[in-house]
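**Student:** Structure below; questions to follow.
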Amino acid sequence: MTATTTFALVRHGQTDWNAAGRIQGATDVPLNDVGRGQATDAVAPLSDYAWDFIVSSPLARAAETADIIAADLGLEVTRHLPGLVERNYGPAEGLSAGPKLDALRVDGSYGSFRGAESEVSVSTRGLGALLQLAEDYPGARIIVVCHGTLIRLSLSAALDVEIPPILNAAISVVQFSPEAGWTASVINNEALEDDALDAVAAL
């Protein structure tokens, strides 16, 4: 007997570093007032579904987003999982576009920098955290509040499709079944018809 576990992956709301275009990564930057409003705005689409509980990254911007959503939905934040922390960008953290950041790029890559955690490491631990939740709570419906790059890379690996950058407070709804694996019904606030992923990369 197997059960399908449903996840709503929610990126945290805006921070001052987001607004300034600075790379955050594992740096613990708090929400700003815009971000708190975005967290509140995420409640309405989430309320279209029934959820059992919320887990989040331990970083403050995700934890506060989770607390705001939990209070409005009458749910409990039960765990803060280290596996959900954002990608560590190493010496690139705190920098915005410019010569200093360009000097750290790996082979001209847009998203990879010297000293940063590898994309494979990020997707492995992100999916690992979700699969552990599916094992611990089979059949549950879980809101997971975490980070844009972690969500994007984890979903890209799980669904084998390129995922666009995840917006602040955007919601992606995915399902995991031990038999069928991963499927998706919403990516980055966009509902998918019949779980089709063909157009996701173009969103």
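The values are calculated or read from the model by the stated rules, or taken from the named source; none is laboratory data. Being a predicted model, the structure only gives us computed values, none of them experimental. Ideal geometry is used to build each Cβ from the backbone, glycine not excepted, and the neighbour counts take in all protein chains shown. Ligands, DNA and RNA are stripped out before the accessible areas are found, and what is left, the full protein with its side chains, is counted by its heavy atoms. Shrake-Rupley method; radii C 1.70, N 1.55, O 1.52, S 1.80 Å.
**Student:** Would the range 36-43 turn up any residue that is among the polar types (S, T, N, Q) and touching a Leu at 6+ places or on another chain (Cβ under 8 Å)?
**Tutor:** No, because not a single residue in the range 36-43 is among the polar types (S, T, N, Q) and touching a Leu at 6+ places or on another chain (Cβ under 8 Å).
**Student:** With GLY148, GLY139 as the choices, which residue is out of contact with any helix residue (DSSP H, G or I) (no Cβ under 7 Å at 6 or more places or on another chain), farther than 18 Å from ARG22 by Cβ and surrounded by fewer than 22 Cβ atoms within 10 Å (Cβ to Cβ)?
**Tutor:** The unique qualifying residue is GLY139.
**Student:** Scan the range 109-124 for residues that are open to solvent by 50 Å² or more (accessible area, probe 1.4 Å) and of a type in the set (Val, Ile, Thr) and report the count.
**Tutor:** Number satisfying all stated conditions: 2.
**Student:** Step by step: first the residues of the range 78-108, then only those that are surrounded by 15 or more Cβ atoms within 10 Å (Cβ to Cβ) and acidic (Asp, Glu), then the one that is nearest to ARG22 (Cα to Cα). Which residue is that?
**Tutor:** GLU93
**Student:** Given the structure, is VAL10 aliphatic (A, V, I, L, M), open to solvent by less than 50 Å² (accessible area, probe 1.4 Å) and assigned to a strand (DSSP E or B)?
**Tutor:** Yes: the conditions hold for VAL10.
**Student:** Within the set of pairs 6+ apart or on separate chains, which have a first residue in the range 3-25 that is at pLDDT below 95, a second that is in a strand (DSSP E or B) and of a type outside the set (Lys, Arg), and C-beta atoms under 9 Å apart?
**Tutor:** ALA3/SER177
**Student:** Another question about this same structure. Suppose we filter THR40, THR65 for residues that are in a helix (DSSP H, G or I), of a type in the set (Val, Ile, Thr) and open to solvent by less than 30 Å² (accessible area, probe 1.4 Å); which single one remains?
**Tutor:** Being in a helix (DSSP H, G or I), of a type in the set (Val, Ile, Thr) and open to solvent by less than 30 Å² (accessible area, probe 1.4 Å) holds for just one of THR40, THR65, which is THR65.
**Student:** Looking only at the range 155-180, count how many residues are touching a residue at least 60 places away in the same chain (Cβ under 8 Å) and closer than 22 Å to ALA3 by Cα.
**Tutor:** 10
**Student:** Right, another one. Identify the single condition in (1) touching an Asp or Glu at 6+ places or on another chain (Cβ under 8 Å); (2) closer than 23 Å to TYR137 by Cβ that PRO58 does not satisfy, given that it satisfies every other one.
**Tutor:** Against the list (1) touching an Asp or Glu at 6+ places or on another chain (Cβ under 8 Å); (2) closer than 23 Å to TYR137 by Cβ, PRO58 comes up short only on (1).
**Student:** In the range 44-57, is there at least one residue being buried (at least 16 other Cβ atoms within 10 Å of the Cβ), among the polar types (S, T, N, Q), modelled with pLDDT of 95 or more and not in a helix (DSSP H, G or I)?
**Tutor:** Yes: the range 44-57 contains one or more residues that are buried (at least 16 other Cβ atoms within 10 Å of the Cβ), among the polar types (S, T, N, Q), modelled with pLDDT of 95 or more and not in a helix (DSSP H, G or I).
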